[in-house]
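In what follows, a structure is listed as structure tokens, so that the remarks can point back to it.
The values are calculated or read from the model by the stated rules, or taken from the named source; none is laboratory data. The shown structure was predicted, so the numbers you read here are calculated from the model rather than taken from an experiment. Backbone-built Cβ (ideal geometry, glycine too); neighbour counts: all protein chains shown. Surface areas here come from the heavy atoms of the whole protein model, side chains and all, with no ligands, DNA or RNA. Shrake-Rupley method; radii C 1.70, N 1.55, O 1.52, S 1.80 Å.
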Amino acid sequence: MEPLHLTYTEGHVIVYDADTVLRLRRDYRIVGALEGSHPTNPQQNNYYGLPLILLPEEVALLSTDPSITGLEQAQGAHSAQKQLRFDLFKDLHKRGFYITRGIKFGADYMLYPGEPMRYHSHYIVNLVDHEEKITPRQLVALSRLGTSVKKTRILCSWDSSAQQFVYVSVDWSEIG
């Protein structure tokens, strides 16, 4: 595979080249977020175009790949929370998912079983503290929100004693 060069500037990787965006999606399952206005209809806000901005977790994952250059300075120190988010992202990516931001649904990530242009997201993912107590009201709210958009909510936490992530899916269904 031909090496890929990305540019890390002031804490961000911004990709302006369509071929590089395609390669990131096809070869690395990196989706990022298109942030530019669409040239044929700049007033609309349903579909975005180039440039592509990569999530910090995507940058961290790509910086571990020796075939990608330009991200050497992206490998700085991270807070414990950022490291946990990166570890979760890496674990989900290893499981074969395409991953995007989940902020639109009150989540950390959205998971897709395949290329997001061809598949709908199946899961909404929240990273929670393993020791945190979730009230029944919070649980109902999380599951209803997921169900209302036809997605399963997944609560993820790091179990330090087992040294692995624990995944719990939450889905709302009516009784009767």
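Counting DSSP beta bridges in the chain, what percent are antiparallel, to the nearest 5? Before the final figure, lay out each step's value.
Values: 21 of 29 bridges.
In the chain, DSSP labels about 70 percent of beta bridges as antiparallel.
Of all the accessible heavy-atom surface of the chain, with the other protein chains kept in place and a 1.4 Å probe, what percent is carbon and sulfur? Looking at the chain in its full context, I get 53 percent from C and S.
Does region 1-95 come out rounded, prolate or oblate by the C-alpha gyration tensor, with a ≥ b ≥ c the root eigenvalues, rounded set by a/c under 1.5 and, if not, prolate when a/b is larger than b/c and oblate if not?
In terms of gyration-tensor shape, prolate.
Subtracting the Cα-Cα distance of LYS94 and LEU22 from their residue separation scaled by 0.36 nm leaves 23.9 nm. Taking trypsin sites (Lys or Arg not before Pro) as exposed when their DSSP state is a loop state and no more than 15 other Cβ atoms lie within 10 Å, the longest site-free interval of the chain runs over 1-94. Among the protein heavy atoms, those of HIS38 account for about 70 Å² of accessible surface (1.4 Å probe, every chain in place). Helix 18-28 sits at what angle to the longest principal axis of the chain, using alpha carbons and giving 0 to 90 degrees rounded to 10? Tilt relative to the chain: about 50 degrees. Solvent exposure of region 35-75, expressed per residue, is 60 Å² of accessible area, with all protein chains present and a 1.4 angstrom probe. Within the shell of other residues whose beta carbon sits under 15 angstrom from the beta carbon of MET1, the net charge comes to 0, with Lys and Arg scored +1 and Asp and Glu -1. The chymotrypsin sites (Phe, Trp or Tyr not before Pro) found in region 8-106 that occupy coil by DSSP, while having at most 16 further C-beta atoms within 10 Å, are TYR16, TYR47, TYR48. Charge dipole (Cα centre; +1 on Lys/Arg Cβ, -1 on Asp/Glu Cβ; no other charges) of the chain amounts to roughly 640 debye. Counting only DSSP H runs of at least 4 residues, each contributing -39500 (n - 2.57), and dividing by the residue count of the chain, the helix-based mean residue ellipticity at 222 nm comes to -8000 deg cm²/dmol. When nucleic acids and ligands are ignored and a 1.4 Å probe is applied, GLU35 ends up with an accessible area of around 80 Å². Labels on offer are [x] 17.6, 58; [y] 19.8, 72; [z] 46.7, 134, and the one holding Rg and Dmax of the Cα atoms in Å computed from this structure is [x]. Among SER169, SER79, the order of accessible area from largest down is SER169, SER79, computed with a 1.4 Å probe on protein heavy atoms. Seen against the Cα atoms of the chain and their longest principal axis, helix 80-94 is set at about 80 degrees.
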